[in-house]
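First the structure, in the form of structure tokens, and then the observations on it.
The values are calculated or read from the model by the stated rules, or taken from the named source; none is laboratory data. Because the structure is predicted, anything quoted here is derived from the model rather than measured. No Cβ is skipped: glycine too gets one built from the backbone with ideal geometry, and neighbour counts run over all protein chains shown.
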């Protein structure tokens with residue numbers, strides 16, 4: 001063993017070495033072992049992925065041809081049945097109904113494999129228990145995830161029984177493993193049936209909740225598999241995560257890095273790398289190396305391992321390279337390399353990345369109540385983003401490429417945070433790796449959603465193992481900044497009137513109430529997080545408002561799921577500014593998927609209308625038709641109920657609703673010490689099934705207009721303008737005689753915002769433009785804001801409560817158009833636009849030609865669209881296609897302004913561009929063409945979408961000339 005002075009050294013280094021530094025130049029008080037390599041007396045660690053060679057069948061089916069091949073593991077039975085055409089595609093038509101039997105059945109999987117890691121093959125076929133007959137002393141089967149009730153056999157011997165989809169298992173099979181022809185057999189019981197059996201066995205507990213079936217709460221499995229209000233019920237089974245064989249004499253069990261960053265200057269940190277090793281011998285050594293983001297070795301040390309099997313290497317760094325969320329700095333990550341050596345032979349190694357950063361949830365008393373916002377590396381960050389549901393109904397289909405496509409889309413949309421919802425599963429490592437790389441902050445729920453869960457001893461034991469495993473696996477990721485106990489479980493306590501006394505602080509007594517899972521959220525999980533991830537903020541639930549009633553919609557503290565728009569009271573979306581909370585972690589508005597997506601999942605053309613059985617079935621929300629129709633008809637003329645028009649109107653509806661929400665809550669970011677709102681996470685980013693839902697992007701990964709509205713509202717610097725509106729739905733539609741308007745500029749703390757504010761003045765221009773004529777109805781107003789007067793990383797009022805008389809006359813209804821520009825010397829650069837329109841849109845007339853012109857110029861692999869109009873245009877939406885990528889969409893076009901949209905993939909002479917805007921059908925007009933593919937848009941909100949050849953023009957009826 002090494003002497004005591006070398007057992008736990010503090011390695012002090014100055015980061016950011018010069019370009020001439022090499023490994024040899026780095027000085028530490030430990031010498032790297034340079035002993036001449038010894039003869040190999042121990043075999044190196046080997047890993048054999050058991051991904052192929054699998055078969056499956058219906059359990060109990062004894063027919064000779066019952067076993068069918070499995071393409072690849074990870075898999076679940078729905079994937080394998082579909083591959084053999086045993087079940088239809090559950091995403092099409094009403095096929096979900098035809099596959100429900102799958103979840104009620106039991107399934108068996110098996111795999112035959114050789115222990116390929118052997119360097120010599122014993123002649124005997126008996127188990128390899130003799131070390132002399134086998135080069136490794138240990139053999140483990142590792143199951144990263146079995147879905148869900150599984151009994152596992154190796155060569156006829158039961159080796160494992162499990163009941164938690166989220167838990168990984170490591171089984172010592174040294175005494176059971178054969179050199180060749182091992183048979184691994186797994187029986188999966190029906191999770192639906194077993195869940196019902198558990199419910200029946202525990203009548204003392206009230207399995208109540210919303211969505212899905214009651215038995216889901218008895219099963220530690222992805223809750224959305226029982227169906228949710230945006231997805232089907234497909235109760236899966238199978239080896240849903242990788243299975244492998246590991247063979248070794250000694251191995252690295254775990255590598256953990258903990259650190260504390262000096263809070264005031266962020267220029268110094270102290271930490272430790274702790275390595276746990278199994279099967280230690282007298283010659284076991286661990287070599288630990290820390291590599292800086294640029295590839296330079298920061299330190300490298302070697303230790304003997306004592307019989308505890310643990311090596312702890314303290315270290316300190318001066319001027320560390322920190323990890324920042326995207327836009328706020330670099331996503332710097334260090335690499336920790338650990339090697340395990342036995343008597344001079346390297347037998348195992350592990351590498352992991354770690355990002356150093358400070359993440360604080362600021363909860364301070366203020367004049368409203370208690371703040372809730374994030375401070376990363378000393379910078380206050382407005383956490384604008386979205387909620388994440390699983391990427392696919394069948395988890396193994398969510399590949400790294402799928403994750404990257406979705407997450408890069410978030411970045412494209414200026415989203416800086418995602419909330420992993422508690423009804424799915426702890427995501428694959430690739431998801432978090434990409435978040436680390438891209439700089440996306442992660443809010444991670446534990447897997448409890450919308451229910452009253454049991455808390456009997458067996459259930460609690462399973463939850464504890466699940467939580468510890470998840471926290472240890474996710475520990476290296478700097479992107480994770482908050483853990484929540486689940487999703488809307490305390491709401492269920494209130495809604496179902498379960499026992500709850502906030503003043504009772506005795507956890508054991510909670511177990512005896514009708515809401516025993518309070519013990520999980522407020523005692524078990526916070527204690528586990530404190531032990532396994534002490535630097536990460538924990539909250540018992542989402543929403544959570546510090547013990548106040550959830551259904552009070554408290555706006556003074558905590559995070560809020562604001563569903564008084566759409567659900568509950570069905571308030572106008574124009575009310576979002578008045579009902580936001582300190583942090584809005586859920587809210588939304590439904591819209592249909594894109595027309596091409598609808599055409600892909602409805603095979604019968606006669607069913608492709610908004611009220612068809614298939615369309616109705618592909619909207620899982622309660623009262624969905626009434627709610628969606630109410631919001632559409634409250635706001636827009638819906639004289640055409642064709643599917644194309646309904647897609648357009650619901651996309652515009654969702655876009656407008658999200659703009660009202662994000663624009664106002666970005667305004668409420670306020671300033672340091674007065675942050676009324678710390679973030680907004682829309683429900684939801686993605687769809688996993690073709691469905692009418694709240695998603696910003698449909699299941700074909702086609703963006704909706706709301707995606708772009710949020711993107712514009714989350715730019716580094718934005719401008720907002722809004723006038724007060726009366727509620728025309730509650731009484732007379734007669735407009736008020738006067739109203740007021742506000743204008744403001746909002747900036748965040750990003751590098752780009754700081755650069756823009758340091759380079760010159762900001763100028764805000766305000767115009768009042770007739771919808772009928774396109775002319776200004778009052779003089780243009782301009783305000784120059786010297787940057788010294790702008791609230792950096794905050795909101796700057798420009799006009800406050802300015803009175804307007806006769807704000808919406810029938811003859812001269814007008815928009816208010818705001819523009820903010822950066823002025824540096826003689827150079828003026830437009831940064832952002834915003835428009836406020838009279839409400840509701842259905843009361844407006846667009847009978848005059850809008851004078852829309854779209855110039856197209858090919859630039860390499862994309863086209864530049866230059867857009868102008870003679871009269872105000874509302875909601876110019878280009879049709880999204882799989883092979884086209886738009887830089888912006890869903891625009892308002894203001895006369896006198898020029899807008900630029902880049903379209904990747906629009907390069908061929910025969911490529912077509914389609915668009916719609918509000919009121920296109922009100923005026924029968926001819927196209928205006930200007931040279932290289934310049935045209936005015938024509939079509940209609942009643943289904944007359946314009947189709948435009950890039951080198952031609954379109955006539956007034958939307959037909960291609």
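Against the list (1) touching a helix residue (DSSP H, G or I) at 6+ places or on another chain (Cβ under 9 Å); (2) in contact (Cβ under 8 Å) with a residue 40 or more places away in the chain, the condition residue 611 fails is (2). Within the set 664, 612, 585, the sole residue that is modelled with pLDDT of 95 or more, more than 26 Å from residue 837 (Cβ to Cβ), surrounded by fewer than 24 Cβ atoms within 10 Å (Cβ to Cβ) and not assigned by TED's automatic domain parsing to the domain that holds residue 892 turns out to be 612.
As for the range 36-50, it holds no residue that is at pLDDT 95 or above and touching a helix residue (DSSP H, G or I) at 6+ places or on another chain (Cβ under 6 Å). Among the residues of the range 221-233, those identified as surrounded by 23 or more Cβ atoms within 10 Å (Cβ to Cβ) and either touching a strand residue (DSSP E or B) at 6+ places or on another chain (Cβ under 8 Å) or over 19 Å from residue 624 (Cα atoms) (or both) are 221, 222, 223, 224, 225, 226, 230.
Condition check for residue 288 on (1) crowded, with 21+ Cβ neighbours inside 10 Å; (2) touching a residue at least 60 places away in the same chain (Cβ under 8 Å); (3) over 30 Å from residue 394 (Cα atoms): one failure, at (2). The single condition among (1) within 35 Å of the chain's Cα centre (by Cα); (2) assigned to a strand (DSSP E or B) that residue 828 does not satisfy is (1).
The numbered conditions (1) in contact with a strand residue (DSSP E or B) (Cβ under 6 Å, 6 or more places away or on another chain); (2) assigned to a loop (DSSP other than H, G, I, E, B) are all true for residue 560 except (2). In the set 681, 696, 688, only one residue is touching a residue at least 40 places away in the same chain (Cβ under 8 Å), within 30 Å of residue 397 (Cβ to Cβ) and in contact with a helix residue (DSSP H, G or I) (Cβ under 6 Å, 6 or more places away or on another chain); that residue is 696. Number of residues in the range 538-552 that are in contact (Cβ under 8 Å) with a residue 12 or more places away in the chain and either over 24 Å from the mean Cα position of the chain (by Cα) or not in a loop (DSSP other than H, G, I, E, B) (or both): the value is 9.
Does the range 211-218 contain any residue that is in contact with a strand residue (DSSP E or B) (Cβ under 8 Å, 6 or more places away or on another chain) and under 20 Å from residue 108 (Cβ atoms)? The answer is no; no qualifying residue exists. Look at residue 496 and say whether it is over 30 Å from residue 749 (Cα atoms) and in contact with a strand residue (DSSP E or B) (Cβ under 7 Å, 6 or more places away or on another chain). Against the criterion (over 30 Å from residue 749 (Cα atoms) and in contact with a strand residue (DSSP E or B) (Cβ under 7 Å, 6 or more places away or on another chain)), residue 496 does not qualify.
For the range 472-502, residues that are in a loop (DSSP other than H, G, I, E, B), surrounded by fewer than 24 Cβ atoms within 10 Å (Cβ to Cβ) and within 20 Å of the chain's Cα centre (by Cα) total 3.
For the subset of the range 888-923 comprising residues that are in contact with a helix residue (DSSP H, G or I) (Cβ under 9 Å, 6 or more places away or on another chain) and over 20 Å from residue 773 (Cα atoms), which member is surrounded by the most Cβ atoms within 10 Å (Cβ to Cβ)? For the range 888-923, the residue satisfying everything is 916.
Considering 328, 268, the condition of being in contact with a strand residue (DSSP E or B) (Cβ under 9 Å, 6 or more places away or on another chain), modelled with pLDDT of 95 or more and surrounded by fewer than 18 Cβ atoms within 10 Å (Cβ to Cβ) is satisfied by 268 alone. Residues in the range 763-796 that are at pLDDT 95 or above and in contact with a helix residue (DSSP H, G or I) (Cβ under 9 Å, 6 or more places away or on another chain): 793, 795, 796.
Considering the range 151-238, the qualifying strands (runs of 3 or more DSSP E), each wholly inside and each with 2 or more residues that are over 19 Å from residue 99 (Cα atoms), run over 157-162, 169-172, 182-188. Summed over the range 710-764, residues that are over 36 Å from the mean Cα position of the chain (by Cα) and without any contact (Cβ under 8 Å) to a residue 60 or more places away in the chain total 4. Within the range 278-307, the set of residues being closer than 25 Å to residue 474 by Cβ and modelled with pLDDT under 95 comprises 278 only.
Reported count of residues in the range 563-592, each being outside any loop (DSSP other than H, G, I, E, B) and within 22 Å of the chain's Cα centre (by Cα), is 4.
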